[in-house]
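In what follows, a structure is listed as structure tokens, so that the remarks can point back to it.
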Amino acid sequence: MARRVVSLVRGPLAAPGAADPAVEANAWAIAEDVHLTLVLTDHGVELAVAGGEVQPSELAGVALPPAATGQDLRGLIESGVGVYVDAAALVQRGVAGDALVEGVQRVDADELAALLRRADAVLAW
Amino acid sequence: MKRVALVLTGSASAERNATACKLAERMLARGHRVAVFAHRDATALSAGDGEVARAIRALVRRGVHGGALDWVVDADAAARLGVADRQVPGVVPGDHADLWAFVREADIVLGSGGR
């Protein structure tokens, strides 16, 4: 049985939404006896930037949903999910290491490879 | 007999999802049990009356014997795409609890997602 799962999140949705679908989907794993590790890579590292919340606003009189992915990631971390961000992808996108959501850990290529090797299953989002 | 979980996502190219479906067919033919979870845009694969939907309908029908195939779509995603009530017979609306149950119970997990 696949108990240890690594979820690779490669990119946030372009459209604003209440929650990033990949992060939201992974939150369900907590209740299903799956040891989940979340790895943000490529454009997915944007989800780990602290202060990246979308405030409630409106467009042409229609309310746009707020988004608090940082809060969602903190929720996962507090629930015991390891949340990592690809250090190389951070550098490529010019994101400073100290600009991350609290609790998100940076991993280099070797550490990422080790995470993947230990997994029973890897899902890409 | 292996239990295989197949995760279809909207971020996959049409070719990836087609390959994944053909793989499901091959595994069924070899006597393995296959559980498919489709979310995001992939919920549209099994909707309507197009060629892909008809092929999935035939695949689901084939998997009825012996209970070897489960095909679940994320109901919320299907509703957002307007395809919730257009799913082919045998496709079951579900949520991400189903996804993780499939993953947890599988011997092999395959995904068509990622960019």
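A short reminder: the numbers here are calculations on the coordinates, not readings from a lab. None of these values were measured; they are calculated from a predicted model. Note that we place each Cβ from the backbone using ideal geometry, even for glycine, and neighbour counts take in every protein chain shown.
Write down the Å³ per residue value for the convex hull defined by the alpha carbon atoms of chain B.
Dividing the Cα hull volume of chain B by its residues yields 87 Å³.
Which translational diffusion coefficient, to the nearest whole µm²/s, is obtained for chain A from the Stokes-Einstein equation, given a Kirkwood hydrodynamic radius over C-alpha pairs, 25 °C and 0.890 mPa s?
165
Label-to-label distance, B:Thr19 versus B:Arg86, with points set 7 angstrom from Cα along the beta-carbon direction: 2.8 nm. Length, then width, then depth: along the principal axes, the Cα atoms of the protein assembly as shown run 55, 49, 30 Å. Extending 7 Å from Cα along the Cβ direction at B:Arg30 and again at B:Ala79 yields two label points whose distance is 3.8 nm. In percent, rounded to a whole number, the relative contact order of chain A is 35, using alpha-carbon pairs under 8 Å and six or more apart.
Calculated mean residue ellipticity at 222 nm for chain B: -12500 deg cm²/dmol, from DSSP H runs with n ≥ 4 weighted as -39500 (n - 2.57), summed, divided by the residue count and rounded to 500.
How long are the three semi-axes of the equivalent ellipsoid for the stretch A:30-85, computed from the Cα gyration tensor as the root of 5 times each eigenvalue, in whole Å, largest first?
Numbers: eigenvalues 143, 38, 17 Å².
Semi-axis lengths for the stretch A:30-85 are 27, 14, 9 Å.
Using just its DSSP H runs of length 4 or more, each adding -39500 (n - 2.57), chain A gives a mean residue ellipticity at 222 nm of -7000 deg cm²/dmol after division by all residues. Considering only A:Asp72, A:Asp108, A:Asp98, the mean-square fluctuation computed in a Gaussian network model of chain A, springs between alpha carbons under 10 angstrom, is largest for A:Asp98.
Under the 0.36 nm per residue contour assumption, what length would be gained going from the current alpha-carbon distance of A:Ala50 and A:Leu64 to full extension?
3.0 nm
Apply the Debye scattering formula to the stretch B:70-115, with a single equal point scatterer on each alpha-carbon and no solvent, then give log10 I(q)/I(0) at q = 0.32 Å⁻¹. Summing over Cα pairs of the stretch B:70-115 leads to -1.14. Computed over chain B with a Gaussian network model linking Cα atoms closer than 10 Å, the most mobile of B:Asp76, B:Asp49, B:Asp41 is B:Asp49. Spin-label pair A:Arg3-B:Ala97: with each label point 7 Å from Cα along the Cα-Cβ axis, the two points sit 2.3 nm from one another.
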